[in-house]
Amino acid sequence: MKYEAVIGLEVHAQLKTKQKIFCSCSTLFNKPQNQNTCPVCTGMPGVLPVLNKEAVQRGLKAALALNCKINKKSIFARKNYFYPDLPKGYQISQYNLPLAQDGYLEIESDDNIKKIRIHRLHLEEDAGKNIHCGEESRLNFNRAGVPLAEIVTEPDFRGALEAATYVRELRSILQYLDVCDGNMEEGSLRCDANISLRPKGQKEFGVKTEVKNMNSFKFIERAISYEIERQTEILEEGGRVIQETRLWDSSKGKTLPMRSKEEAHDYRYFPEPDLRPLLVDDVWIEKVKSSIPELHPEKKARFISQYGLPAYDADILTLSKDLADYFESCTKEVQDPKMVSNWMMTELLRELKDKNQSIQNCSVSWNALAELLNLVKKGTISGKVGKDVFKEMMKRGVSASSLIEEQGLKQVDDKEFLVSAIHQVLKENPKELEKYRGGQEKLFGFFVGQVMKLTKGQANPKAVNELLRAKLKE
Amino acid sequence: MKIDKNRVDYVATLARLKLSEEEERVYASQLSHILGYIETLNQVNTEGIEPTYNVIDHKNIFRSEDLKIEKEENKSLFENAPELKDSYIKVPKIIDV
């Protein structure tokens with residue numbers, strides 16, 4: 001029998017606020033354990049939560065960019081369960097009446113545009129973090145109370161790649177909006193997948209499993225693929241899928257069942273009596289709407305039409321707003337979009353990857369790159385030397401002109417100097433010269449290469465070409 | 001609505017409460033009464049009436065991030081923790097890995 005996968009995703013995005021959602025504790029990552037805590041977020045008796053307006057603002061921005069319907073009145077609710085990382089014994093979340101619902105996000109799938117429906121977006125607080133060491137567990141409440149937007153899709157995905165594409169696109173949007181930093185390793189963007197199979201053509205859903213702990217795009221794709229395969233095998237052997245939560249183990253490349261909790265989930269949601277309903281009016285909605293910038297798909301289309309970039313390059317350069325801004329600023333200075341794009345796509349992105357840097361903390365700013373490219377354009381240095389200079393700039397964070405000065409890299413088109421270099425090369429390679437004269441004209445490139453090598457790449461290749469051609473005609 | 005002993009037992013487990021047989025019997029009867037009263041309330045026709053989630057005026061109260069709040073030293077927060085280790089709260093192992 002042919003099976004079809006049905007997948008829905010839940011993404012938890014940490015909202016980029018300075019303070020927690022119900023108290024004024026800092027949300028900074030990597031602070032000493034339990035430093036960002038106060039009586040409110042550690043659930044001391046008698047404290048009251050007060051909603052952080054900035055968290056709502058960012059949640060609204062995300063919801064509107066995801067084409068959601070905003071509920072003018074939304075309700076906070078208590079989700080009750082006991083776990084050591086939850087100091088109050090309940091998580092403040094939203095249940096009935098979330099902040100927003102019924103949105104969609106368009107993604108590219110098999111060269112088509114596919115609409116992924118967003119079921120809901122609600123606000124909630126994060127839990128603390130447990131560290132397990134040997135026979136004990138240790139608790140750090142710095143993350144407890146950090147604002148999250150939970151974004152839930154309808155079961156609209158049919159494959160692992162679609163799901164990964166959606167998360168990539170969603171992350172890009174949240175970053176463009178400056179709503180979430182999107183760092184999946186640090187956990188500011190977390191994704192869970194509900195996966196089930198059904199015979200192709202059947203309407204009813206099969207039994208689903210929930211897969212957690214996929215902390216990169218690659219792992220999302222791999223974990224879902226693995227889970228689809230696993231369920232297919234079970235069904236084809238006539239077995240039954242068990243409804244359970246499974247964890248992706250990236251070292252094993254498998255999903256493994258999570259040790260099930262003693263009892264079934266029974267969260268006994270009820271309206272949070274310490275918070276009033278959240279009211280959002282049209283004025284507020286319009287104000288937030290007008291603050292939404294050009295997002296990835298529109299920017300990509302504009303990069304293709306305005307700068308004449310290939311679709312692939314435009315896609316990569318616009319995936320993050322910072323990268324796109326870098327490109328546009330640099331292009332304004334250099335007046336050569338293709339050149340800037342080529343350098344960014346190859347040199348810059350490779351160096352960033354090697355050095356594990358992001359464009360925000362890149363040691364070569366856009367004006368520094370623009371200066372370098374203009375020097376290449378003017379012929380002060382060759383493109384090849386430029387690439388070495390760029391590597392050095394990435395390493396030391398110094399400007400192109402000072403490096404060129406310091407290392408004497410200026411491109412040489414001094415005729416006498418070049419002619420003498422050409423002479424030397426021809427003298428040192430009599431065999432090749434003979435072959436060339438005998439008709440092997442492709443050796444021309446060899447001579448140019450030798451001259452460049454001799455002059456440590458400083459010779460102006462254009463001048464070398466002309467002079468060499470003239471010399472060989474003699 | 002009749003709450004039986006099993007129900008009390010289940011709710012007690014969710015709330016991490018350990019009840020004696022006698023307590024279970026007493027609570028079963030008390031909870032049945034409470035829910036019985038709710039059933040009475042449920043007979044009122046509330047059609048077309050908006051649910052009340054909060055009885056205080058409908059007005060948003062927000063915390064502003066611009067407001068700098070002097071934080072008290074938070075050490076005292078952890079004074080009642082069973083055990084601390086390097087500022088972590090130490091608890092028995094949560095899961096077997």
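Every read-out reported here was derived from the displayed coordinates using simple, explicitly stated rules and does not represent laboratory data. The model shown is predicted, which means the values in this text are computed figures rather than measured ones. So basically every Cβ, Gly included, is an ideal-geometry build from the backbone, and we count neighbours across all protein chains shown.
Excluding same-chain neighbours fewer than eight residues apart, the aspartates and glutamates reachable from A:LYS72 by a Cα-Cα span under 12 Å are A:ASP281, A:ASP282.
Among the trypsin sites (Lys or Arg not before Pro) found in the stretch A:259-366, those both in a DSSP coil and sparsely packed, with 15 or fewer other Cβ atoms within 10 Å of their Cβ, are A:ARG259, A:LYS261, A:ARG268, A:LYS355. Treating r as the C-beta distance of A:GLN424 and A:ARG158 and R0 as 41 Å, the FRET efficiency rounds to 0.05.
The mean count of C-beta atoms from other chains within 10 Å of the C-beta of residues in A:271-279, rounded to a whole number, is 4. The alpha-carbon of A:LYS218 sits under 16 angstrom from the alpha-carbons of these aspartates and glutamates, leaving out residues fewer than 8 places away in its chain: A:GLU162, A:GLU169, A:GLU185, A:GLU186, A:ASP192, A:GLU227, A:ASP249.
For the stretch A:123-213, applying the loop criterion from DSSP together with a ceiling of 14 other beta carbons within 10 Å to the chymotrypsin sites (Phe, Trp or Tyr not before Pro) yields A:PHE205. On the beta carbon distance between A:LEU472 and A:VAL398, with R0 = 51 Å, the FRET formula returns roughly 0.80. Across all C-alpha atoms in the stretch A:296-407, the radius of gyration and Dmax reach 13.5, 43 Å.
Could you state the number of Å between the C-alpha centres of the stretch A:1-40 and the stretch A:369-389? About 44 Å separates the Cα centre of the stretch A:369-389 from the one of the stretch A:1-40. Loop sites here are trypsin sites (Lys or Arg not before Pro) outside DSSP states H, G, I, E and B with no more than 14 other Cβ atoms within 10 Å. The longest part of chain B free of them is B:19-58. Reducing the stretch B:39-68 and the stretch A:256-324 to their Cα centroids gives an inter-centroid distance of 28 Å.
Each principal axis of the Cα cloud of the stretch A:415-473 was taken in turn, and the coordinate range along them, longest first, works out to 29, 19, 17 Å.
Among the listed pairs A:LYS332/A:LYS378; A:LYS338/A:LYS387; A:LYS287/A:LYS332, a Cα-Cα separation exceeding 20 Å is found for A:LYS287/A:LYS332. The distance separating the Cα centre of the stretch A:62-102 from that of the stretch A:412-440 comes to 75 Å. For chain A, the longest principal axis of the Cα atoms and the long axis of helix A:160-176 meet at an angle of about 80 degrees. In a DSSP loop and with at most 12 other Cβ atoms within 10 Å, the trypsin sites (Lys or Arg not before Pro) in the stretch A:172-249 are A:LYS200, A:LYS203, A:ARG240. Peptide B:9-19 has a mean shielding of 2, counted as Cβ atoms of other protein chains within 10 Å of each residue's Cβ. Rg and Dmax of the protein assembly as shown, based on Cα coordinates, read 31.8, 116 Å.
Peptide A:34-41 has a mean of 4 when you count, residue by residue, the C-beta atoms of other protein chains within 10 Å of its C-beta.
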